[in-house]
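This report refers to the structure that appears directly beneath it.
All of the numbers you see were taken from the coordinates with simple rules; none came from a lab. Owing to the predicted nature of the structure, the values given are computational and were not obtained by experimental measurement. Here the Cβ is made from the backbone with ideal geometry for all residues, glycine too, and neighbour counts use every protein chain on show.
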Amino acid sequence: MTRKAGVLGHPISHSLSPVLHRAAYAELGLDWDYQAYDVESGGLQEFLARVDRDWAGLSLTMPLKVEAVALVDFIEPFAKLLGVINTVVVSGRDASLQLVGANTDVHGIVAALGERDVEAVERGVVVGGGATAVSAVAALGQLGCTRPTILVRSRARAGAVVRAASAMGLDARLVDLADADAVRAALGSAEAVVSTIPADAGAVLADSLPDVSGVLLDAVYDPLVTPLAHAWLGRGGVQVGGERMLLHQAGEQVRLMTGRLAPLAAMDAALQGVLPRP
């Protein structure tokens, strides 16, 4: 039986998740289908109502990562602690069908930073205050950063990040992106930075970037090297692209949905085949 899976969000046409998941299924010998579905905020409940035993799971992107929390039957404990899920695994059959929420973004961030030998972080910075920023704070926490700095444009919209940090026992420090001196100080001393803001917003930040020595993971992968990443490299830092986070979080989704280890090499080869050369 062909099973179905897919990625949901809005906009969704740019997503590379189908490339990654289809490559994994082919390598694993699974007759599964994976598609992209444009689902706007407020439309997830209607979509989930149509999910039946033919489905294996769903990947969720913006703006659905928080909305989904209230719509699934069960949430893995760590994802529940964060209040953000990017994965739904369909478990059981027919009347016992359950939708299980999980978060693989944290794994993706940790693994991507690990590609640049980041195994422990004391001074970590997250740029942004949305759902991906929550996962970024959690990832830095897993790497040992107990006092992450969060650069936000609006403190009022950073409540979810602050709550997640508190739930993990982290002492997060909010810094207003308009405070140029504080931003420069935080970035200049950081061992690891995870940016979760759009490329154009990062370009503004790049204009006043100080000399740096840490590793920057920009969650954006279009363009492949963002203006912020380009400036970061020019100021002495090390960069890891958002496509590496995408690869590793997708690999963890494949493991959760199939019950088998993800063929990361095959997935990476497929990914490199569609990415533009920087």
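Picking from A270, G241, G169, whose Cα lies most toward the positive end of the charge dipole for segment 147-270 (charges on Cβ: Lys, Arg +1; Asp, Glu -1)?
G169
Using only alpha carbon pairs under 8 Å that are at least six residues apart, calculate the relative contact order of segment 106-240 and give it in whole percent.
24
Ranked highest first by average number of other Cβ atoms within 10 Å, how do 166-175, 195-204 line up? Please report the intermediate quantities before stating the final value.
Values: 166-175: 14.7, 195-204: 19.0.
Ranking the peptides 166-175, 195-204 by packing returns 195-204, 166-175.
How much mean residue ellipticity at 222 nm does the chain get from its helices, if each DSSP H run of length 4 or more adds -39500 (n - 2.57) and you divide by all residues, to the nearest 500 deg cm²/dmol?
Working: 11 runs with 108 residues, N = 278.
Per the formula, -11500 deg cm²/dmol.
Rounded, prolate or oblate: which one fits segment 99-235, using the alpha carbon gyration tensor with axes a ≥ b ≥ c (rounded when a/c is under 1.5, else prolate when a/b beats b/c, else oblate)?
Note, shape of segment 99-235 comes out rounded.
Using 7 Å Cα-to-Cβ label points, what is the D33/L174 separation (nm, one decimal)?
For the pair D33/L174, the computed spacing is 4.6 nm.
Taking the Cα atoms of the chain alone, what are Rg (to one decimal) and Dmax (as a whole number) in Å?
18.4, 59
Contour minus end-to-end for V69 and D181, with contour as 0.36 nm per residue of separation and end-to-end as the Cα-Cα distance? Let's see the in-between values first.
Details: separation 112, 0.36 × 112 = 40.32 nm, distance 3.72 nm.
My answer for the length gained is 36.6 nm.
Given labels modelled 7 Å from the Cα in the Cβ direction, how far is it in nm from E46 to D207?
Those two pseudo-labels are separated by 4.1 nm.
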